[in-house]
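K.L.:
Handing you a structure now.
Computed from the coordinates by the stated procedures, all read-outs in this text should not be read as laboratory data. These numbers were taken from a predicted model, which means no experiment stands behind them. Glycine also receives a Cβ, built like all others from the backbone with ideal geometry; neighbour counts cover every protein chain displayed.
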Amino acid sequence: MTRLRKTAVLLIVSAAVVIAGTLLRPANPRRVVISRFDSRDAVKRVEYGSRDFNLAVGSSSRSASPFGRSLKLSLKLIPGSYNFLACGQGLIEKRCEWENRPARLDWDEISGISYKIFVEPVKGTEQRPVMVKIATDIIDGDGEILRASRIVHTGEWLEERVYFKELTTRYDYQRDWNSVKWTGTGDDKTSLSRVDNGVKSYQFEVLGIVTERPVDLKTEQIEVVLYIDEVALIR
Ligand SMILES: [Ca+2]
Ligand SMILES: [Ca+2]
């Protein structure tokens, strides 16, 4: 082979290696997916409920989903009600562990949790735009429940990221107040709002809708339909 041909072959091989490397690389090495909900039975591995039995959860193969099957949540908004969908350890249902809990995970490297969400255009109100407010809760290794919420637009798949530093202790509800760590004393006492010893479980709650003018949930029959997929830890 001439020197020129050798150089050309070397260049082609190098290019092929670079392309192959790009194709084989995981989409986002900083994301560790813990729930994909691709199985029809995925719904059996989540715990969910609502005060007024107004939340339905199912498995959906909605064609618009680029992530395979997803969890579909349908919720009728009732004033003063609550709802939740949870997955992980330490729940009442013991079969709700994540599909993937990496062994020997260094929690110091994990900075938050992300999820994919698609919200269908909200029915029952003429107002536009309508957005949906959703809370993400984390139950940390101590059993403390911390929360951050997001306002999500309708009509497209979005990735929401909730970083641990944004979470605050839920003052409205804890299973065990001894799990909360505090700073200060007496009336000046505030919680550290810190994720300690990793994450046992995650939980979502649909808090309601966000519109320009207030909506009367007693007279307006509003239903929120949304899909959740690819819950992941962020490295
Ligand atoms: Ca999926
Ligand atoms: Ca804590």
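K.L.:
Kindly establish whether TRP177 is exposed (fewer than 14 other Cβ atoms within 10 Å of the Cβ), under 24 Å from CYS87 (Cβ atoms) and within 16 Å of ligand 2 (Cβ to nearest atom).
P.N.:
Against the criterion (exposed (fewer than 14 other Cβ atoms within 10 Å of the Cβ), under 24 Å from CYS87 (Cβ atoms) and within 16 Å of ligand 2 (Cβ to nearest atom)), TRP177 qualifies.
K.L.:
Starting from residues that are among the small types (Gly, Ala, Ser) and within 16 Å of ligand 2 (Cβ to nearest atom), keep the ones in segment 53-96 and report whichever is farthest from the chain's Cα centre (by Cα).
P.N.:
Going through the qualifying residues, I end up with GLY90.
K.L.:
Let me ask something else about it. Read through the list (1) more than 19 Å from LEU91 (Cβ to Cβ); (2) away from ligand 2 (no atom under 16 Å from the Cβ), then give the number of the only condition that VAL206 fails.
P.N.:
So VAL206 meets the others, but not (1).
K.L.:
Considering only residues that are of a type in the set (S, T, N, Q) and in a loop (DSSP other than H, G, I, E, B), look in segment 156-202 and name the one that is farthest from ALA232 (Cα to Cα).
P.N.:
So, considering only residues that are of a type in the set (S, T, N, Q) and in a loop (DSSP other than H, G, I, E, B), the one farthest from ALA232 (Cα to Cα) is THR185.
K.L.:
Further question on the same structure: From the residues in segment 28-85 that are within 12 Å of ligand 1 (Cβ to nearest atom) and aromatic (Phe, Trp, Tyr), which one is nearest to LEU105 (Cα to Cα)?
P.N.:
PHE37
K.L.:
Let me ask something additional. Hey, can you tell me all the residues within segment 104-124 that are under 21 Å from ASP142 (Cβ atoms) and of a type in the set (Gly, Ala, Ser)?
P.N.:
Result: SER111, GLY112.
K.L.:
Let me ask something else. Condition check: more than 30 Å from LYS72 (Cβ to Cβ) and either β-branched (Val, Ile, Thr) or within 16 Å of ligand 2 (Cβ to nearest atom) (or both). Does GLY184 satisfy that?
P.N.:
The answer is yes for GLY184.
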